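I have placed the structure first, in the form of structure tokens, so that the comments after it can refer back to it.
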Amino acid sequence: MTTAIAKKMTFEEFLNYNDGTDTLYELENGKLIVIPSESDINQRIATFLLIYFSQLGIPSYQLRMKAELAVNSTQVGVRIPDLVVYSEELAKVMEGVTRSLILMDMPPPLLVVEVVSPNQENRDYCYKRSEYAARGVAEYWIVDPIAQKVTVLEWVEGFYEEQVYVGDRAIASPVFANLKLTAAEVLQG
């Protein structure tokens, strides 16, 4: 369960915020949202996908777990997806940065993957969906171990077109044509 910290803050305040802990935070409409530790299955799924995309030939400099991504909701906010695949252009821009934060003026990632946690369905299916679409993220996966499905969203003219995969149905990726995965394989982690 995520919890919000009451004080509203600007994007600039968020960039400079340090509470002296290793706690991860997202910024949502000016609210600091504590990101809790991931469940074992969520960690396994994200790690499985990281390894899979690496074996698919995507170089390590294009793969990130828990990178920060600036998005625009009512105001600029920050999301921390479970997995991000950078484009070559974004990877070049990110070279040498001191913080793994993709700013609004940077190219969008090729792929963002969110693994749904209990009681977080609305954030992953609704809020983040519209934020990532507005950000121009080419492909957004919502991996839902609770509902046992993988939703692949393809960015088309500012909106996402959705395909839902369950069981042994092969996932079709608009960005990664050589992908050979089923929903069941992803959900096993």
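Worth pointing out:
- Per the conditions (1) charged (D, E, K, R); (2) surrounded by fewer than 16 Cβ atoms within 10 Å (Cβ to Cβ); (3) free of Cβ contacts under 8 Å to residues at least 40 places away in the same chain; (4) closer than 24 Å to VAL150 by Cβ, the sole criterion not satisfied by LYS8 is (4).
- Residue in the range 168-182 that is surrounded by the most Cβ atoms within 10 Å (Cβ to Cβ), counting only those that are small (Gly, Ala, Ser) and touching a strand residue (DSSP E or B) at 6+ places or on another chain (Cβ under 7 Å): SER173
Yes or no, residue by residue, for (1) under 13 Å from the mean Cα position of the chain (by Cα); (2) surrounded by fewer than 21 Cβ atoms within 10 Å (Cβ to Cβ); (3) of a type in the set (D, E, K, R); (4) more than 21 Å from LYS66 (Cα to Cα):
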site	(1), (2), (3), (4)
GLU114	yes, no, yes, no
GLN120	no, yes, no, no
TYR125	yes, yes, no, no
LYS128	yes, no, yes, no
ALA138	yes, yes, no, no
ALA147	no, yes, no, yes
PHE159	no, yes, no, yes
GLU162	no, yes, yes, yes
VAL166	no, yes, no, yes
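- Segments classed as strands (runs of 3 or more DSSP E), wholly inside the range 65-171, with at least 1 members that are charged (D, E, K, R) and touching a Phe, Trp or Tyr at 6+ places or on another chain (Cβ under 9 Å): 76-79, 111-115, 139-144, 149-156, 159-165
- Restricting attention to the range 127-165, the residues that are charged (D, E, K, R), modelled with pLDDT of 90 or more and farther than 25 Å from ILE33 by Cα add up to 4.
- Among the residues of the range 116-131, those identified as within 19 Å of GLN43 (Cβ to Cβ) and touching a Ser or Thr at 6+ places or on another chain (Cβ under 9 Å) are SER117, PRO118, ASN119, GLN120, ARG123, ASP124.
- Residue in the range 88-101 that is surrounded by fewer than 20 Cβ atoms within 10 Å (Cβ to Cβ) and in contact with a Ser or Thr (Cβ under 7 Å, 6 or more places away or on another chain) present: no
- Of the numbered criteria (1) part of a helix (DSSP H, G or I); (2) among the acidic types (Asp, Glu); (3) within 19 Å of TYR125 (Cβ to Cβ), the one GLU12 fails is (3).
The values are calculated or read from the model by the stated rules, or taken from the named source; none is laboratory data. Predicted model, so just to flag it, every value in this text is computed and none were measured. Positions of Cβ are generated from backbone atoms using ideal geometry, with glycine treated the same way; all protein chains shown enter the neighbour counts.
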